[in-house]
Amino acid sequence: METLGTWVAALGTLGLMSFAIKENPFYRFVEHVYVGIGAAHSVVLGWESLKTTAITPIGNGDLKKIIPLVVGLMLYTRFIKGAMWMSRYPLAMLVGIGTGLTIKGTIGAQIIDQVKATMVPLTSIDNIVIVFGVLSVLMFFYFTRKNTNKVFNASSKIGRYIMMIAFGALFGNAVMGRMSLMIGRVQFLLGEWLGLI
């Protein structure tokens, strides 16, 4: 059985890698199998979650779990022509709760923490570079009025270069991540599947 799993994994890897040459039926087949397995896995996880959080507790007498179950089922009234309006209420609850949680997390993690990280004492070269870089990038995004100040324009240009360096580093990091995944698959093909290494 282990050999069968190795062969399936190897053929799946080769099928997905064959897209690098050209889109072909083998690649499409592997892609559809992958998407199908992912969808089936999601359905099984959803059913298990529903069973453990609602169905089993209701069967054990915890009747207050009926309310969220009914609200969740109301989402599916969207597919019933006469009862379509009922799906708006749970959808509004989901959007409201999701927006509230997102705003809370965004303000904390992406605004306040970022501002705190740039409020550093100017005691080392690293801190000076961080503060100067942040201010330069902020000046690059200042579009309220046209500025003819040479210092401002120079700082704005430096901010653009700093962003280019940052985007280049992010892209390089993404490429390194993909390459490490590919190296892992090639090692699997040459080692575990073919036994060459």
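None of the figures in this text is laboratory data; all of them are computed from the coordinates on show. Model, not experiment: these values are computed from the prediction. Methodologically, a virtual Cβ is constructed for each residue, glycine included, from the backbone with ideal geometry; neighbour enumeration extends over all protein chains shown.
Table for the structure above
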read-out	value
Rounded if a/c under 1.5, otherwise prolate or oblate - the range 101-153, Cα gyration tensor axes	oblate
The chain: relative contact order in percent, alpha carbon pairs under 8 Å with at least 6 residues between	14 percent
Mean separation of Cα contacts under 8 Å, 6 or more apart, over the residue count of the range 122-197: relative contact order %	24 percent
Once the Cα gyration tensor of the range 122-197 is diagonalised, semi-axes √(5λ) in Å	45, 15, 7
Proxy reagent accessibility, fewest Cβ within 10 Å first, across Arg178, Arg145	Arg145, Arg178
Neighbour-count order for Glu31, Glu2, Glu48, fewest beta carbons within 10 angstrom listed first	Glu2, Glu48, Glu31
At q = 0.07, 0.13, 0.15 Å⁻¹, base-10 log of I(q)/I(0) for the chain (Debye sum, equal scatterers on each alpha carbon)	-0.53, -1.04, -1.04
Size of charge dipole - the range 1-154 - debye, nearest 20, with Cβ of Lys, Arg +1 and Asp, Glu -1, no other charges	780 debye
Relative exposure of Tyr27, Tyr142, judged by other C-beta atoms within 10 Å (fewest first)	Tyr142, Tyr27
Kyte-Doolittle mean at least -0.5 and Cα axial length at least 30 Å: DSSP H helices in the chain	25-50, 150-187
